[in-house]
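I have placed the structure first, in the form of structure tokens, so that the comments after it can refer back to it.
The values are calculated or read from the model by the stated rules, or taken from the named source; none is laboratory data. Note that the structure is predicted; figures quoted are calculated from it, not measured. All Cβ positions, glycine included, derive from the backbone under ideal geometry; neighbour counts span all protein chains shown. Each accessible area value is taken on the protein alone, full model and side chains, heavy atoms only, with ligands, DNA and RNA left out. Shrake-Rupley method; radii C 1.70, N 1.55, O 1.52, S 1.80 Å.
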Amino acid sequence: LQWCDPTSFGALDYAVRRLDSPALTVLATRRRSTGSDFSAAEQLDIPPLPRASVIDLIRSRLGARERRIIEIAETSAGNPMFAVELARQVMSDPSAARLPDSLRALLDRRLSAIDVSTRSVLLDIAVRGTPSAAGPDLDEVGTAVRADIIVVDDGRLRFSHPLLATAVSESASPAELRAAHRRAAVLATDPIAVALHKARSSSPSDDLAAELDEAVHIALRRGDRSGARVLARLAVAMTPPGTESPAERLIQLAGLEAALGNNDRAHALAAQILEGNPTPTVRAQATALVAAPLSTQDPDRAIDMMLEIVDLPGMPLKEICGLAEFA
């Protein structure tokens with residue numbers, strides 16, 4: 001479950017809560033202290049794999065040399081993926097005097113054997129997700145396929161394990177990541193994906209902020225409030241200094257934070273608008289005045305703030321009554 005994005009997890013949890021067939025059970029795993037749990041779930045902690053089981057696993061999967069198996073089992077500390085990766089390295093380099101003491105170090109060492117041009121293609125795959133095999137030429141990733149880093153699954157390319165994608169992304173320089181996102185923005189067809197890749201590869205601009213605004217509306221039409229909040233945050237961040245619309249974007253973001261139960265964050269955004277940084281429009285100021293009283297502990301101040309809304313020029317009472325997202 002730690003690999004599940006919040007929107008997908010929310011949909012999955014919604015479905016699981018409504019299962020009414022005793023014949024159907026959902027079995028899910030997550031790494032300790034990461035990811036989310038289903039609302040109604042029986043939890044079971046899985047201890048590290050016993051050393052004897054690790055040895056059996058290595059023998060059955062890779063048949064590493066007997067004299068190194070015990071060393072591998074002890075170094076892996078019962079992590080089956082780490083054990084298999086260690087055994088894979090021993091088979092490829094039997095002369096290695098010392099085994100890496102962490103899975104990340106081992107993955108970095110494994111990736112270092114891939115040539116620079118292939119690493120660039122791997123970064124594209126990590127950034128884009130699971131492109132079709134018709135995208136990158138299979139010849140370009142042939143060494144990664146043979147090394148079991150990339151697999152072809154139902155016509156699409158993917159990493160054999162998500163940790164490999166993470167290792168590729170984290171080992172890239174900021175410039176390499178920006179370039180990969182620029183390439184992904186050109187190839188993407190979904191407008192939300194295009195906007196996200198542009199936001200991660202471009203400087204703030206009015207055009208980009210407006211594109212992110214549109215992506216927020218698309219996400220909301222799809223019922224994806226969590227994704228819309230991410231896009232709204234990026235729209236604020238990608239707004240150039242001195243632009244007239246930041247207050248409206250802050251209000252949009254505050255509404256999404258409130259809708260997702262993050263009232264403290266919504267109130268902080270409202271307070272920022274009321275402080276005049278940035279200068280709010282009348283509607284933004286009215287919306288902030290609706291939101292801000294919910295965070296004050298002073299009832300007299302709250303009443304005064306609500307009364308200020310009525311005195312705002314050009315703000316009809318009907319519109320004021322319609323500002324209900326914070327109520």
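So that you can scan it fast, the table gives a plain yes or no per residue for (1) at pLDDT below 85; (2) open to solvent by 70 Å² or more (accessible area, probe 1.4 Å); (3) outside any loop (DSSP other than H, G, I, E, B); (4) not aliphatic (A, V, I, L, M):
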| residue | (1), (2), (3), (4) |
| --- | --- |
| Ser120 | no, no, yes, yes |
| Val127 | no, no, yes, no |
| Asp139 | yes, yes, yes, yes |
| Ala175 | no, no, yes, no |
| Arg183 | no, yes, yes, yes |
| Leu208 | no, no, yes, no |
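Against the definition (part of a loop (DSSP other than H, G, I, E, B), farther than 20 Å from Pro162 by Cβ and either open to solvent by less than 80 Å² (accessible area, probe 1.4 Å) or at pLDDT 85 or above (or both)), how does Leu19 come out, yes or no? When the stated conditions are applied, Leu19 passes them.
Once segment 31-49 is narrowed to residues that are under 24 Å from the mean Cα position of the chain (by Cα) and open to solvent by 90 Å² or more (accessible area, probe 1.4 Å), the residue that is modelled with the lowest pLDDT is Ser33. Scanning segment 76-93 for residues that are in contact with a Ser or Thr (Cβ under 7 Å, 6 or more places away or on another chain) and among the aliphatic types (A, V, I, L, M) yields a total of 2.
For segment 151-164, taking the residues that are open to solvent by less than 30 Å² (accessible area, probe 1.4 Å) and either out of contact with any Gly (no Cβ under 9 Å at 6 or more places or on another chain) or among the basic types (Lys, Arg) (or both), the one that is nearest to Leu111 (Cα to Cα) is identified as Leu164. The residues on offer are Arg221, Arg156, Arg225, and the sole one that is within 30 Å of Ile251 (Cα to Cα) and touching a residue at least 12 places away in the same chain (Cβ under 8 Å) is Arg225.
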